[in-house]
1. Please give the solvent-accessible surface of THR20 in Å², to the nearest 10, using a probe radius of 1.4 Å with every protein chain present.
2. Report P(r) for region 154-195: all Cα-Cα distances, bin width 5 Å, range 0 to the bin holding the largest distance, values in whole percent.
3. Once you have the Cα-Cα distance between MET224 and LYS101, take 0.36 nm times their residue separation minus that, and quote the gain in nm to one decimal.
4. How charged is the neighbourhood of HIS90? Take every other residue with its Cβ under 14 Å from the Cβ of HIS90, and add Lys/Arg as +1 and Asp/Glu as -1.
5. Only Lys, Arg, Asp and Glu count, each charged at its Cβ (+1, +1, -1, -1), so figure out the dipole size of region 1-69 about its Cα centre, rounded to 20 debye.
6. Classify region 1-56: rounded, prolate or oblate, from the alpha-carbon gyration tensor (a ≥ b ≥ c, eigenvalue square roots; a/c under 1.5 rounded; otherwise prolate if a/b is larger than b/c)?
7. Projected onto the charge dipole of region 210-336 (+1 at Lys/Arg Cβ, -1 at Asp/Glu Cβ, origin at the Cα centre), which of PHE214, HIS315, PHE258 gives the Cα projection farthest towards the positive end?
8. How do HIS234, HIS195, HIS260 rank by accessible surface area computed with a 1.4 Å probe, from largest to smallest?
Amino acid sequence: MLKKTKLLSLDCVYTANVFTFDGHLMVAAGSEREFPSYLINLDTRAVTQVAPGPGGTMSVVPLPDSAEKLVSVMGLFPPFISNGAGIFLHSKADGNWSTRKVIDMPFAHRCEFLTINDDNYLFAASCSKHKANPEDWSKAGELFVVAVDGAGNNDWKPTLLLDNLVRNHGMGKAIINGVESLCVSGKEGIFAVEHDPETGFKIVPVFGREVSEFVYIDLDHDGMDELVTIEPFHGNTLNVYKQKSGDWVKHYTSTLSFGHGLSAGKFNGDSVIVVGNRRGSEALELHKVLDLSHGQIEKIEIEQNVAPTQTKLFHHNGSDYILSANQKKDEVAVYS
């Protein structure tokens, strides 16, 4: 039985991320409704309001090497009402936070930074260009990139990289072809954004099945990353693939109900996968890798009836933790 600690009560919590900011390990949290977003200092447990609104917070990430700038996706409200969605810059000065919208992006969903040769690039993806109703996916989403200087004072004019990204849900960094790359997922699979010093960015398909969320991680310590996925969009299976002769071979699968909030890493000495169910049992699950070559992974239900939306694994002060945005309980919690 894991120990649970509630860090914050937040109605309709959606976003939970953890990162080092201003010299401290912080948890960022936001709601998918019209509520503020916050930072929680994991050393002091102090809670700071970063932005009073607009809410609809899908992602929060720090500007690399900055102690005073955060970037977020806000304005995407259920059921996909997002005329005001976009990228927002949050700046701290003299202990006070200010927020301004820097990029208009209807149906903006995910953002992440990638540093290349000391230059910071923000990638931002939308799940659609327009939706007449929640089931309308006729207008594909887009992926943009913008160079961001250390102060966030750039012109914030994004460059379009991909204009046919359908049902985007996942975004993350991974080592592709030996280089750290930005990856996104959607209906057509997973795509890596590779950078060439002479020609710029290019899109490379790396996995050809519909993927909701994904993680590249070496679970069995053989020096090669496995691919962990939720399939399809908001899907019903958790899968683990190993690469063999250039193909991805499935070594494990487990059922989900509205799978959400995928993460993976080390927890108490074990390689683990953490994932949530937003329907059915609404359970937060831990999948502990025993023998991946034979598909032996132990599934453990951490807590039912919490409906997690985002999770993260992290290490702090000698202990391992699982961070979860438990939307059913309107709480941000950690398990140890």
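The values are calculated or read from the model by the stated rules, or taken from the named source; none is laboratory data. Keep in mind that this is a model prediction, so the values were computed, not measured. We place every Cβ from the backbone using ideal geometry, glycine too, and count neighbours over all the protein chains shown. The accessibility values were calculated without ligands, DNA or RNA, using every heavy atom of the protein model including side chains. Shrake-Rupley method; radii C 1.70, N 1.55, O 1.52, S 1.80 Å.
1. For THR20, solvent-accessible area is about 100 Å².
2. 5, 21, 25, 21, 18, 7, 1
3. In short, 40.3 nm is gained.
4. +2
5. 340 debye
6. Values: a/c = 2.17, a/b = 1.26, b/c = 1.71.
Since a/c reaches 1.5 but b/c is at least a/b, the shape of region 1-56 is classed as oblate.
7. The Cα lying farthest towards the positive end belongs to PHE258.
8. Correct descending sequence by accessible area is HIS195, HIS234, HIS260.
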